[in-house]
Amino acid sequence: MSGPAHADAPSRLLPGDVLRVGAAGLRARPLRVVLSALGIAIGIAAMIAVVGISSSSRAQLQATLDRLGTNLLTVAPGKDFFGADAALPPSAPGMIARMPQVESAASTGRVKSARVYRNDHMPAGETGGISVLAADLGLPRTVGLTMASGSWLNAGTVRYPAVVLGSASADRLGIAGPGRQVWLGGQWFTVVGILAPNLLAPELDSAALVGRDVAAARLGYDGNPTTIYTRARKDSVEAVRDLLAATANPEAPNETDVSQPSEALAAEAATDRAFTGLLLGLGAVALLVGGLGVANTMVISVLERRAEIGLRRSVGATRGHIRVQFLTESQLLAALGGTGGVALGTVVTAVYALSRGWPTVVPAWAMAGGILATLLIGAVAGLYPALRAARLPPTEALASP
């Protein structure tokens, strides 16, 4: 009479048993586990932090563009047929403002003969790179300028020696607020306001802006605009862009340059993405080094635990059981490092983003990809040690010291 049907059935490990056996090997050597997992964690943390900081930066840029708008266009004089500097006609801002798809237009004109200094004793060559611009009253509304302190020019101050400084100009002149005077164009001008920095018009940060009337009366301004800022309807940006050159300078549209400031910021973000790719490559190298550390740890573990392997084989464990045991141990070791790396990378991203006033953004795909990468590395790193452990004959393993 034969025995039970299951008597000759091969033994098998349940998933819970596999995890317990794999975790037991890690618990037996905690210091080595921590050091090996640290290599994985550093690589994953570097990759998560790079992706997170880059994503946070782009989120901040997008929020800024949403606030300032991507419908701002600028018109500037280009070069004529002979390569000399061209000029925009004085009527150009008014002609652009009359376009039906344009919400507003304002201009600035460089006052070439004027320089600005902290006082009248400064050497003539120490201008600090500050340009003097004659500005329209509607410039803040069109460009989206805000005041850091003081106020913008108005119908009263536009005719008198009053000046608004860009943020960088104020720093270079040592002006902290309105009420001070600067030596501008050989005469004293009173500072009535200081602009906050503006991403879409960074050239205004290093400028001193005066009214057109006083610029023409006292500084020899010729009336020709050098930059016309145009705020188009959001659904007509491309159409307005195509018509701006001909509208601003009908006689020579080819001598006019039209640009969109938000495109420059987008190009800067693209450059940041290229740099992010480089840093991700460095993080991958660190991750590879961590994987080698896991492989080394598992090989040493197999050598140290030959007696344990022999004992398990002698009581019925199959080669498959041994393979699964060491592969699981390797996977758990890598997963421990990966989880710690994701947490560390997220913390680094949050600290850096908060220090810069950015929103903290860590893409879910980056965190999931970090964990999957560690599991893959754990499988690859543990494959050879697992196969080596499974090939050990029980008698030879039990005879090991």
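The values are calculated or read from the model by the stated rules, or taken from the named source; none is laboratory data. Source: prediction; values computed, not measured. So basically every Cβ, Gly included, is an ideal-geometry build from the backbone, and we count neighbours across all protein chains shown. All accessible areas refer to the heavy atoms of the entire protein, side chains included, with ligands and DNA or RNA removed. Shrake-Rupley method; radii C 1.70, N 1.55, O 1.52, S 1.80 Å.
List of remarks:
- Residues within region 178-207 that are under 32 Å from the mean Cα position of the chain (by Cα) and not polar (S, T, N, Q), tallied: 13
- Only residues that are open to solvent by less than 20 Å² (accessible area, probe 1.4 Å) and of a type in the set (Gly, Ala, Ser) were counted across region 165-184, and they come to 4.
- Index of the failed condition, Glu203 passing every other in (1) under 14 Å from Val132 (Cα atoms); (2) in contact with a strand residue (DSSP E or B) (Cβ under 6 Å, 6 or more places away or on another chain): (2)
- Pairs are defined by a Cβ separation below 7 Å, a sequence spacing of at least 6 or placement on different chains, a first member in region 51-67 that is farther than 23 Å from Gly369 by Cβ, and a second member that is among the small types (Gly, Ala, Ser) and buried (at least 18 other Cβ atoms within 10 Å of the Cβ); the pairs so defined are Leu65/Ser262.
- Only strands (runs of 3 or more DSSP E) whose full extent lies in region 185-249 are considered here, and the ones with at least 2 residues that are open to solvent by 10 Å² or more (accessible area, probe 1.4 Å) and under 14 Å from Val143 (Cα atoms) are 227-232.
- Residue check, Val348 outside any helix (DSSP H, G or I) and surrounded by 15 or more Cβ atoms within 10 Å (Cβ to Cβ): no
- Test: Val51 is under 29 Å from Ala216 (Cα atoms), among the β-branched types (Val, Ile, Thr) and touching a Leu at 6+ places or on another chain (Cβ under 8 Å): no
- Scan region 145-163 for residues that are outside any helix (DSSP H, G or I) and in contact with a Lys or Arg (Cβ under 9 Å, 6 or more places away or on another chain) and the total you get is 1.
- Close pairs from region 134-148: first touching a residue at least 12 places away in the same chain (Cβ under 8 Å), partner among the aromatic types (Phe, Trp, Tyr), Cβ under 8 Å, at least 6 apart: Ala134/Tyr221; Leu137/Trp152; Leu139/Trp152; Leu139/Tyr229; Pro140/Trp152; Thr142/Tyr229; Val143/Tyr229; Leu145/Trp152
- When residues of region 117-164 are limited to those that are aromatic (Phe, Trp, Tyr) and open to solvent by less than 40 Å² (accessible area, probe 1.4 Å), the one nearest to Gln187 (Cα to Cα): Tyr117
- Of all the criteria given as (1) surrounded by 15 or more Cβ atoms within 10 Å (Cβ to Cβ); (2) basic (Lys, Arg); (3) modelled with pLDDT under 90, the one not satisfied by Arg273 is (1).
- The set of residues from region 62-96 being in contact with a helix residue (DSSP H, G or I) (Cβ under 6 Å, 6 or more places away or on another chain), among the polar types (S, T, N, Q) and either open to solvent by less than 20 Å² (accessible area, probe 1.4 Å) or over 26 Å from Ser236 (Cβ atoms) (or both) comprises just one member, Asn71.
- So Val182, is it within 17 Å of Leu145 (Cβ to Cβ), of a type in the set (Val, Ile, Thr) and outside any helix (DSSP H, G or I): no
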